[in-house]
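**Q** Following this message is one structure expressed as structure tokens.
The values are calculated or read from the model by the stated rules, or taken from the named source; none is laboratory data. If you're wondering where the values come from, they're calculated on a predicted model, not measured in any experiment. Neighbour counts are summed over all protein chains in view; Cβ atoms, including those assigned to glycine, are modelled from backbone coordinates with ideal geometry. Ligands, DNA and RNA are stripped out before the accessible areas are found, and what is left, the full protein with its side chains, is counted by its heavy atoms. Shrake-Rupley method; radii C 1.70, N 1.55, O 1.52, S 1.80 Å.
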Amino acid sequence: MDVFSDLIGWINNYLTYVLVVLLIGAGFFFSARLRFVQFRNIGEMFRLLGEGASHKKNGISSFQAFCVSTASRVGVGNIAGVALAISTGGPGAVFWMWLIAMIGGASAFVESTLAQIYKTKDGETFRGGPAYYMEKALGQRWMGILFAVLITLCFGLVFNSVQANTITVAFQSVYGIDRFVLGCILAGIFAIIIFGGIKRIAKISEIVVPIMAIAYILLALYVIITNLSAFPAVIKLIFTNIFGWQEVGGGAIGAALMEGIKRGLFSNEAGMGSAPNVAATADVTHPVKQGFIQALGVFVDTLIICSSSAFIVLISGAYTDPSLAAIEIAQKALEIEIGGWAPHFLTIAVLFFAFTSLVGNYYYGETNIEFIKHSKTWLLIYRIAVVGMVIWGSTTKVQIVWDLADVFMGLMAITNIIAIFLLSKIATAAYKDYAKQRKAGLNPTFSKNSIPGLKNVECWDEPKTETKVS
């Protein structure tokens, strides 16, 4: 087992270096090609988010799709993962998390816009994602199947076992609750939600995600305000330790860079091909609308929620204690800043963060199972397998599983980056079409004729009526 674990760790390390180059390169390429669309359209993103929250749809609204994808993005990595990055790479890791989010917003825009263009009808809702645009736009079904298998194994099964593990460990340490019993309770509630389909998933996420995120952000603001005099020093600490030179003695040259990039990537998932699976479900008048919404999701995840965790950890100084593990650093940091009730708050926060991730991760697998084969039997087997992994993960040590998940995720991301790079001209054309209509004061609409030569598009046959923006 040690040999296998070492081999997986070695593969994972090299895949991380490849991913760093590809994701940063892709982020800068898309940013330049789209003239930094993720920064110039911040106001439009928030306007569309409000529009998606207020408009009633037959299927899934853009706001609900935003909440489902955020549910998957925002998990225990936003708490424990950030603490781990800082303790391993130093305070400078936070800078690289910010950078990945800022340039990754362009990648998120491209992949989610493509997912909307090439989505397919699924009853009253839609399905789509990288597997679908790999088959329809590139004509490479084998590539789509490869991606579908990787994301199903990675998110649907492995990551969900880890999320369940984190919940049960946190509750056992604070309340002494038996992990197997709690795992069975979690699995039961989880099964009720996922057997209800995407609409039930969307409704749960629409309620839980905003409450969860706002509560955590308010806590971070409280810590910052009560330590306002120390805040400038924290910012200075981040920028003076960008390359993590203090960690060089431990053999980790550029530790801050690598840890920050890994945490930023694995947290906001920009360019990895996961969020587009949910982006495709939204009922919008133009694909670019959901591209904007998902780019905003990257900023919310990293620049707001991960930064909240980072500020709490850095202000407290808990990351300097080498005896503490990732989640323990977060617990200690909160205990220092807000007192003895911190473990209780953090335990509840972990429950909400991790459970919503269970739901979002599950849906990534479901939509890709449907891509491989439309079969109620296979879907039932998948659902049973996911519920089983929740129970198994609740009582198991899962470090080797984490390492395997990172390998699957690395291969998945590489596959997706290649695809969106080849298809970036289509996303660019869609953006130009949207911008032209907005400049004319219209509520942008889209059809397959909006982009000359567009092929294999199923859901945009009839042009929608153009209306003035109110």
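**Q** Can you bin region 318-393 into rounded, prolate or oblate? Criterion: square roots of the alpha carbon gyration tensor eigenvalues sorted a ≥ b ≥ c, rounded for a/c under 1.5, prolate for a/b above b/c, oblate for the rest.
**A** prolate
**Q** Just the projected area, averaged over all directions, of the convex hull on the alpha carbon atoms of region 334-376: how many nm²?
**A** For region 334-376, averaging the hull's shadow over all directions gives 3.7 nm².
**Q** Tabulate in residue order the Karplus-calculated ³J(HN,Hα) for region 418-433, using 6.51 cos²θ - 1.76 cosθ + 1.60 with θ = phi - 60°, rounded to whole Hz; enter x for Gly and Pro.
**A** 4, 5, 6, 5, 5, 9, 4, 5, 6, 5, 5, 5, 5, 5, 4, 5
**Q** Moving on to the next point. What is the gain in length, in nm to one decimal, between residue 222 and residue 46 on full extension, counting 0.36 nm per residue of separation less the C-alpha to C-alpha distance?
**A** Answer, rounded to one decimal: 60.9 nm.
**Q** In what sequence, highest mean first, do 146-157, 345-356, 94-105 appear when ranked by Cβ atoms within 10 angstrom?
**A** Most protected by this proxy first, the peptides run 94-105, 146-157, 345-356.
**Q** Each residue of region 283-292 in order: what ³J(HN,Hα) in whole Hz does its phi give by Karplus 6.51 cos²θ - 1.76 cosθ + 1.60, θ = phi - 60°, with x for Gly and Pro?
**A** 9, 10, 8, 8, x, 5, 4, 6, x, 5
**Q** May I ask you to give the solvent-accessible area per residue for region 277-403, in square angstrom, as obtained with a 1.4 angstrom probe?
**A** Numbers: 4190 Å² over 127 residues.
Accessible area per residue: 33 Å².
**Q** Let me ask something else. Under a point spin-label approximation (7 Å from Cα along Cα-to-Cβ), what is the residue 235-residue 215 distance to one decimal in nm?
**A** Result for the modelled spin labels: 3.0 nm.
**Q** Over region 340-459, with every protein chain in place, what whole percent of the accessible area is carbon and sulfur at 1.4 Å, could you tell me? It would help to have the intermediate numbers written out before the result.
**A** Details: 3440 of 5190 Å².
On region 340-459, the fraction of accessible area on carbon and sulfur atoms equals 66 percent.
**Q** Then there's this: Amide H to amide H under 5 Å from residue 119: which residues, 5+ apart in sequence or cross-chain, H placed 1.01 Å off N in plane?
**A** none
**Q** Quick one: if the Förster radius is 22 Å, what FRET efficiency do residue 33 and residue 374 give, using the C-beta to C-beta distance and rounding to 0.05?
**A** Efficiency computed from Cβ-Cβ geometry: 0.05.
**Q** Here's another thing I want to ask about it. How big is the accessible area of residue 127 in square angstrom, nearest 10, if you roll a 1.4 angstrom probe over the protein chains?
**A** Only protein atoms counted, so the area is about 20 Å².
**Q** Still on this structure, I have one more. In whole Hz, what ³J(HN,Hα) sequence does region 218-231 give by Karplus (6.51, -1.76, 1.60; θ = phi - 60°), x for Gly and Pro?
**A** 4, 4, 4, 4, 4, 4, 5, 5, 6, 10, 4, 5, 8, 4
**Q** With all protein chains present, calculate the accessible area of residue 459 using a 1.4 Å probe and round the result to the nearest 10 Å².
**A** 40
**Q** Using 0.36 nm per residue, how much length does the chain from residue 177 to residue 456 gain when fully extended, once their Cα-Cα distance is taken away?
**A** 95.2 nm
**Q** What are the residues whose amide H is under 5 Å from the amide H of residue 443, where those residues sit 5 or more places off or on another chain and H is modelled from the backbone?
**A** Placed amide hydrogens put 467, 468, 469 under 5 Å from residue 443.
**Q** Hey, another quick one. With every protein chain left in place, what is the accessible area of residue 18 in Å² (1.4 Å probe, nearest 10)?
**A** 70
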